[in-house]
Amino acid sequence: MSPSAALGRVVAIYPGSFDPITSGHLDLIARGRRISDHLVVAVLENESKRALFSMEERVEMMREVMKPYPDVEVDSFKGLLVEYASTRGANVILRGIRAVSDYEYELQMALMNRRLRPEIETVFLMAGEAYSFVSSRLVKEVIALGGNIEGLVPKLVEERLKRRLQGETRK
Ligand code: PNS
């Protein structure tokens, strides 16, 4: 399909595991709101169960953190992202790029998604440079080892992480 028709109303899906939400994710959501008419943050329901927080917990934390942005919808999905996007009437998938190292994986996913659903565009946004090193994986590792992650995740997420990871190590 050649990309000729204008997108019109932009309904954007920002998908991710969000295990847990970081300040980098929040930065991207703030940017995503500016370029879409409706933004849906979609939390992946991982089948593998390897997430630290359950899907319900991740959705609940996201809803809490999104309270200042009532226009942003928080939802969950499982299965193929493009199928979910399609059922939601979305025409854009938003993804964040922190550094060149993100690009290869993101490009692969974007091209696969385009092959599956050519009408849905993936739009990459650059995360704020202050968050270019922040990832959910590193944040979990640092806090589990007693390091300070203040400012790298929302306050309520920091508290939940401490309870889950530092509480567990003290047992
Ligand atoms: O930010 P994350 O956690 O790396 O997000 C990855 C995500 C959720 C975007 C990706 O794993 C995904 O889209 N999963 C849904 C299954 C799917 O559609 N797979 C094919 C991707 S090309």
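The values are calculated or read from the model by the stated rules, or taken from the named source; none is laboratory data. In this text the structure is predicted, and so the values were computed from the model without any measurement. Glycine gets a Cβ as well: all are built from the backbone with ideal geometry, and neighbour counts include every protein chain shown.
Looking across segment 71-118 at every residue that is buried (at least 16 other Cβ atoms within 10 Å of the Cβ) and farther than 16 Å from residue 12 by Cβ, the one that is modelled with the highest pLDDT is identified as 76.
For the subset of segment 131-143 comprising residues that are assigned to a loop (DSSP other than H, G, I, E, B) and away from the ligand (no atom under 13 Å from the Cβ), which member is farthest from residue 50 (Cα to Cα)?
Per the criteria, the residue is 132.
Quick check: is even one residue across segment 112-128 within 13 Å of the ligand (Cβ to nearest atom) and within 27 Å of residue 164 (Cβ to Cβ)? Within segment 112-128, one or more residues are within 13 Å of the ligand (Cβ to nearest atom) and within 27 Å of residue 164 (Cβ to Cβ). Might you let me know whether segment 119-130 holds any residue that is at negative phi, modelled with pLDDT under 95, of a type outside the set (A, V, I, L, M, F, W, C) and outside any strand (DSSP E or B)? Scanning segment 119-130, I find at least one residue that is at negative phi, modelled with pLDDT under 95, of a type outside the set (A, V, I, L, M, F, W, C) and outside any strand (DSSP E or B), so the answer is yes. Looking across segment 107-134, the residues that are in contact (Cβ under 8 Å) with a residue 12 or more places away in the chain and more than 23 Å from residue 29 (Cβ to Cβ) come down to 116, 118, 119.
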